[in-house]
Amino acid sequence: MHDSIISSAMFRNDPVIDLLRDLVAIDSVNPTLVPGARGEADVARRVADELRASGLAVEITDVAPGRPNIVGVLDGRASGRSLMLCGHTDTVGVSGMREPFGADVRDGKLFGRGSQDMKGGIAAMVNAARQIAEGGGLDRGRLVVAAVVDEEHSSLGADALVATWRADGAVVTEPTGLDVAVAHKGFQWIAVETRGRAAHGSRPKDGRDAIMRMGRVLSRLERLGHTLQHGRSHDLLGAASLHASIIEGGEELSSYPARASLQFERRTLPGEPSDVALQETLAIIEELRAEDPEFEGEARMMFGREPYEIDPANGLPAALMASATRSRCTPQRVGMTFWTDAAILGGAGIPTVLFGPGGAGLHSIEEYVLVDDVCRCRDAVVDLARSFT
Ligand SMILES: [Zn+2]
């Protein structure tokens with residue numbers, strides 16, 4: 001108990017925690033996820049002010065009305081490699097949370113919406129830039145600090161960032177528990193519709209039941225999901241998977257349903273085609289049609305994001321492991337299950353890793369980040385910026 005009081009007081013004196021408390025106290029709920037929410041503008045302004053005060057050249061670009069990306073640049077005294085630090089400024093909603101913007105520190109944890117996902121990472125990278133600038137700057141190369149909007153919905157910010165910015169390497173400071181993540185899964189969303197024929201419930205000869213037909217699709221999808229789970233396994237990500245997400249159909253109890261619709265999600269592994277889920281679903285529909293010529297169904301892809309894996313020959317993960325080890329961390333090389341903006345940066349040709357503080361409660365009603373992890377993340381990023389560029 002005594003230890004935690006001492007360490008909490010210690011962390012409070014670290015400027016990265018002051019900055020983090022400011023960031024968590026500012027509402028930046030994604031307005032596409034939660035209609036009417038404030039969006040990223042206020043927190044982006046705080047980040048921009050901090051970067052400017054640190055001496056970085058700051059560019060503010062509205063990606064959508066009132067939703068700015070912030071990019072700060074610190075050039076070294078000689079040419080060299082460029083390192084990008086990237087994080088998202090939006091958060092998911094706050095419903096059910098007692099004090100989403102409280103930013104209280106208790107027992108070495110800082111609580112609030114976005115504390116771990118990912119204002120802890122934002123604070124670490126922004127304060128890293130400040131430490132580097134105030135410590136005399138970079139001998140060579142360039143540091144690019146990017147705070148982007150809308151990762152929690154459709155990554156408008158990261159898409160806009162890579163339209164104009166490049167770097168020789170990037171660290172996305174999403175929460176990894178201070179491990180170095182080099183890969184994550186992708187996802188694909190598929191819509192399936194089955195058709196039947198509406199008829200009075202007493203007339204089985206006239207009616208064709210679209211929901212029962214969807215049942216056949218579901219049982220095939222369940223089998224496919226089982227096959228995926230026992231199929232190819234990525235050494236860091238495990239197996240691909242799928243699950244049914246939303247199902248609808250039917251109008252009233254006394255009628256045969258004319259249509260049913262299903263939306264499902266398939267999580268993908270590096271190397272799988274970007275339309276694999278649609279191809280699998282079309283194959284299922286073909287099989288069902290071959291078994292029963294009356295079967296009517298179709299599928300389309302709604303949205304998808306690519307999985308990500310850094311080129312195994314790239315030296316960035318090893319460089320970051322070394323920097324983290326020099327900064328009181330004991331990093332493992334890992335994969336993350338969830339999708340991130342790293343796939344967008346990687347897809348644009350920027351070798352990218354994920355490295356951010358630990359904590360708990362992402363997207364749930366009690367979220368916190370470990371304050372010492374935020375300090376160690378900042379220290380590792382400072383070390384990397386000096387050694388990589
Ligand atoms: Zn995140």
Show log10 I(q)/I(0) for region 136-225 at q = 0.14, 0.21 Å⁻¹, two decimals, from a solvent-free Debye sum over equal Cα scatterers.
-0.78, -1.16
Fraction of accessible area attributable to carbon and sulfur, region 303-389 (%, probe 1.4 Å)
54
Need one value: the accessible area of residue 209 in square angstrom, 1.4 angstrom probe, rounded to the nearest 10.
40
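Looking at the calculated P(r) for region 224-335, what percent of the C-alpha pair distances fall above 21 Å?
Numbers: 3570 of 6216 pairs.
Value for region 224-335: 57 percent of Cα pairs lie more than 21 Å apart.
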Give me the dipole magnitude in Debye, nearest 20, for region 164-207 about the Cα centre, with unit charges on the beta carbon: positive for Lys and Arg, negative for Asp and Glu.
560
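Compute the Cα gyration tensor for region 57-151, then decide on rounded, prolate or oblate, letting a ≥ b ≥ c be the square roots of its eigenvalues: rounded whenever a/c is under 1.5, prolate when a/b is larger than b/c in the other cases, and oblate in all that remain. Present the calculation step by step, with values, prior to reporting the outcome.
Working: a/c = 3.40, a/b = 1.65, b/c = 2.06.
The shape class here is oblate.
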Provide, as a two-decimal number, the C-alpha radius of gyration of region 85-124 over 2.2 N^0.38 Å, N being how many residues it has.
1.18
Checked against the positive end of the charge dipole of region 207-316 (+1 on Cβ of Lys and Arg, -1 on Cβ of Asp and Glu, about the Cα centre), the farthest of 210, 285, 316 is 316
Per DSSP H run of n ≥ 4, the term is -39500 (n - 2.57); total these for the chain, divide by its residue number, and report the mean residue ellipticity at 222 nm rounded to 500 deg cm²/dmol.
-10500 deg cm²/dmol
Could you tell me whether the chain comes out rounded, prolate or oblate from its Cα gyration tensor? Rule is a ≥ b ≥ c as square roots of the eigenvalues, rounded for a/c under 1.5, then prolate if a/b exceeds b/c, otherwise oblate.
prolate
Based on the alpha-carbon gyration tensor of region 12-106, what equivalent-ellipsoid semi-axes (square roots of 5 times the eigenvalues) come out, in whole Å, largest first?
27, 19, 10
Heavy atoms of residue 245: accessible area, 1.4 Å probe, square angstrom to 10
70
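The values are calculated or read from the model by the stated rules, or taken from the named source; none is laboratory data. Being a predicted model, the structure only gives us computed values, none of them experimental. FYI the Cβ positions are ideal-geometry reconstructions off the backbone, even for glycines, and counts take in every protein chain you see. Calculation scope for accessible area: heavy atoms of the full protein, side chains included, ligands and nucleic acids excluded. Shrake-Rupley method; radii C 1.70, N 1.55, O 1.52, S 1.80 Å.
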